Amino acid sequence: MPSERSGSYDLVDLPDPGPDTYSLGVSGPTLLPRQYIAFFSPSDWEEFVYEWARALEGYLHVQIPGGSGDRGLDVVGILTDAGTDGQWDCFQCKHYNRALRPGDAYPEMYKVIAGVTDGVYTLPRRYRFLAPQGCGPTLTRLLSSPSKLKEEFLSWLEGSSSVLHDADSDMQARIRATAQAIDYSLFKAEDLEDVLVVHRRSPNHVLRFGTHPITRARELAQTPSEVDLSREAVYVKKLVEVYNEKHGTAWKTEAEISDASSREHFKRAREAFFSAEDLRGSARDQVPAAVFSDLQQDMYDGVVDIEQMDHPNGMSRLSKVTEKASTVPLDSSPLIRIIRPRDRTGLCHQLANDDRLNWIGQDS
């Protein structure tokens with residue numbers, strides 16, 4: 001997991017959750033998303049906020065503090081290469097079974113003020129509280145009035161002798177000075193319904209809540225007329241080798257194929273490959289990357305025994321593998337509802353393109 005050092009804490013990226021991370025299906029929930037959220041653990045809620053922040057626009061990185069010394073940070077949105085030494089936003093995750101109160105917010109505000117004073121990071125551009133139950137009326141009123149929030153926070157700070165007990169007198173004075181100087185309009189709360197609207201753009205939303213079906217364009221994009229060697233070179237080369245073996249020719253590229261049946265077979269193979277690429281693109285926009293990778297693995301597991309059997313020639317191996325692909329069970333994939341028959345053959349060509357399947361073997 002990549003990390004970067006900032007002050008006295010680490011920031012790390014969370015890996016994209018795989019399909020097994022969530023127990024909810026994609027056929028439709030029995031509860032609304034906000035009702036599911038009520039059953040989240042604090043770590044589930046933090047992961048959800050992380051996913052939401054990644055769906056926001058404008059961030060160079062969205063990360064979480066690593067290790068025990070998080071210095072009051074849950075999720076951070078980084079806007080520049082300077083990390084938290086530059087412009088950044090702070091998202092404070094609180095998963096309580098009640099609305100947030102000032103007494104919940106003040107200690108968190110203090111932590112970030114102390115971190116700024118200590119030089120661990122710069123003052124965030126925005127500081128947002130995120131809680132499933134939102135903020136109670138008192139905290140809502142304070143967050144809507146920065147001057148009143150400042151007054152009440154400073155009063156709390158002076159009246160809480162235990163808050164500053166870890167700091168020496170010089171540091172205490174500096175923390176008070178920072179607290180006096182900052183603009184309290186940076187502290188706000190996010191509304192859960194607004195958060196859910198943004199989270200719908202996350203590829204994790206469907207797997208987490210199952211609130212809308214995975215979709216795919218009715219019409220596929222046209223197969224490019226020219227072979228793109230930057231993305232097609234390997235499987236195309238393997239097809240040309242199959243045709244050469246079958247016809248005893250020495251064609252070096254697809255452009256040299258002169259046999260009509262081979263040209264037609266090659267055309268269908270490319271259409272299947274790009275159909276599977278279209279499926280990959282639809283998956284990328286709606287579910288975590290692991291979902292499509294798992295689909296490819298399911299296909300590989302279903303055909304690899306056929307691929308490794310003895311065959312009289314490469315065309316026989318290719319034909320037997322794609323024939324088997326049409327019946328490989330893929331029902332465990334959330335993508336099953338948008339898989340087209342041509343995709344199955346295309347998945348085999350994708351696997352060949354990744355050098356996981358081969359048509360010309362030692363026996364042929």
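A few notes on this one:
- Annotation: residue 359 fulfils all but one of (1) under 30 Å from residue 202 (Cβ atoms); (2) buried (at least 22 other Cβ atoms within 10 Å of the Cβ); (3) among the hydrophobic types (A, V, I, L, M, F, W, C); the unmet one is (1).
- The requirement of being in a helix (DSSP H, G or I) and modelled with pLDDT of 95 or more is satisfied by residue 150.
- Some residue of region 318-331 being under 31 Å from the mean Cα position of the chain (by Cα), surrounded by fewer than 16 Cβ atoms within 10 Å (Cβ to Cβ) and in a helix (DSSP H, G or I): no
- Every residue from region 287-317 that is in contact with a Lys or Arg (Cβ under 8 Å, 6 or more places away or on another chain), crowded, with 16+ Cβ neighbours inside 10 Å and in a loop (DSSP other than H, G, I, E, B): 311, 313
- Leading residue by the ranking (surrounded by the most Cβ atoms within 10 Å (Cβ to Cβ)) among those in region 106-144 that are charged (D, E, K, R) and touching a residue at least 40 places away in the same chain (Cβ under 8 Å): 128
- Among the residues listed as 209, 153, the single one being over 32 Å from the mean Cα position of the chain (by Cα), aromatic (Phe, Trp, Tyr) and buried (at least 16 other Cβ atoms within 10 Å of the Cβ): 153
- Verdict on residue 298 being at pLDDT 95 or above and not polar (S, T, N, Q): yes
- Here 275, 261, 202 are screened, and the one residue that is more than 21 Å from residue 348 (Cβ to Cβ) and hydroxyl-bearing (Ser, Thr, Tyr) is 202.
- Of the residues screened, residue 217 is not one that is over 18 Å from residue 283 (Cβ atoms) and either among the small types (Gly, Ala, Ser) or modelled with pLDDT of 90 or more (or both).
- Selection of region 12-55 for residues being at pLDDT 95 or above and among the aliphatic types (A, V, I, L, M) yields 49, 53.
The values are calculated or read from the model by the stated rules, or taken from the named source; none is laboratory data. Small disclaimer: the values here were computed from a predicted structure and weren't measured. As a convention, Cβ positions derive from the backbone with ideal geometry for all residues, glycine included, and neighbour counts pool all protein chains shown.
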